[in-house]
Amino acid sequence: DPAVRVGGPNITVATRTDGATTSDSEVTVGSTVWYTVVVTLPEATLTGAELELELSAGGVVALESVESVVASDGTAVTSSVAGALGSPPSSGATVSAGSALLDLGVLRNADDDNGRPETLTMVVRGVVRHVDASTPARGDSVTATAEVRSASAIGAGDVSATATVSVLEPTVTPS
């Protein structure tokens with residue numbers, strides 16, 4: 001029997017900072033860092049859909065808020081969680097220091113134009129903080145892992161991507 005397979009979602013994550021350093025992958029204590037997660041959606045319905053950004057251990061970057069969740073086509077891409085799509089989302093987002101979770105419920109991409117991919121973009125803001133006398137140390141890094149999950153049997157299942165920022169704190173030694 002022939003089989004038809006609908007491709008699953010793709011995901012990317014990128015960082016940008018407040019300009020305290022010359023690179024969007026380098027931060028200092030007090031810097032603001034924004035994580036931009038972009039999910040390219042299949043033309044399908046994903047049930048139990050969640051989008052999560054999770055930081056590696058250490059507490060160097062504390063996530064503060066989900067600033068926006070925007071669909072590239074606001075009429076074709078819908079969520080069953082009222083208010084989950086917005087700037088900022090009015091519901092569905094849970095933020096702790098180390099993670100941001102967006103409950104999308106039933107996420108539907110009703111578009112049928114294969115030439116134009118539909119995306120969902122989530123922007124999460126965090127701040128680099130001083131944890132203790134030795135944290136962060138120069139060269140410490142924080143890896144953010146973005147993952148889209150769904151209970152649907154679409155594509156390969158859960159997909160993820162990562163981005164890393166490095167701390168550029170000066171080394172001070174008394175003379």
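Remarks
- Accessible area of the chain divided out per residue, in Å², using a probe of 1.4 angstrom: 50 Å²
- Distance cut-off 24 Å, percentage of C-alpha pairs in the stretch 1-101 lying past it: 34 percent
- Size of electric dipole in the stretch 1-93: Cβ of Lys, Arg +1 and of Asp, Glu -1, about Cα centre, debye, nearest 20: 80 debye
- Normalised by residue count, the stretch 76-172 yields a Cα convex hull volume of 146 Å³ per residue.
- As computed over the chain, the Cα convex hull volume per residue (Å³): 123 Å³
- Based on the Kirkwood approach, the hydrodynamic radius assigned to the stretch 72-132 is 13.5 Å, with every pair of different Cα atoms included.
- Heavy-atom accessible surface of residue 55, to the nearest 10 Å², is about 20 Å², with a 1.4 Å probe and all protein chains retained.
- At R0 = 35 Å, FRET efficiency that the Cβ-Cβ distance of residue 10 and residue 130 yields, to 0.05: 0.45
- Accessible surface of the chain, 1.4 Å probe, proportion on carbon and sulfur as whole %: 49 percent
- Charged-residue dipole, Cβ positions (Lys, Arg, Asp, Glu), the chain about Cα centre, Debye nearest 20: 240 debye
The values are calculated or read from the model by the stated rules, or taken from the named source; none is laboratory data. Given the structure is predicted, the values throughout are model-derived calculations rather than measurements. For neighbour counting, all protein chains shown are included, and Cβ atoms are generated from backbone atoms with ideal geometry for every residue, glycine included. Ligands, DNA and RNA are stripped out before the accessible areas are found, and what is left, the full protein with its side chains, is counted by its heavy atoms. Shrake-Rupley method; radii C 1.70, N 1.55, O 1.52, S 1.80 Å.
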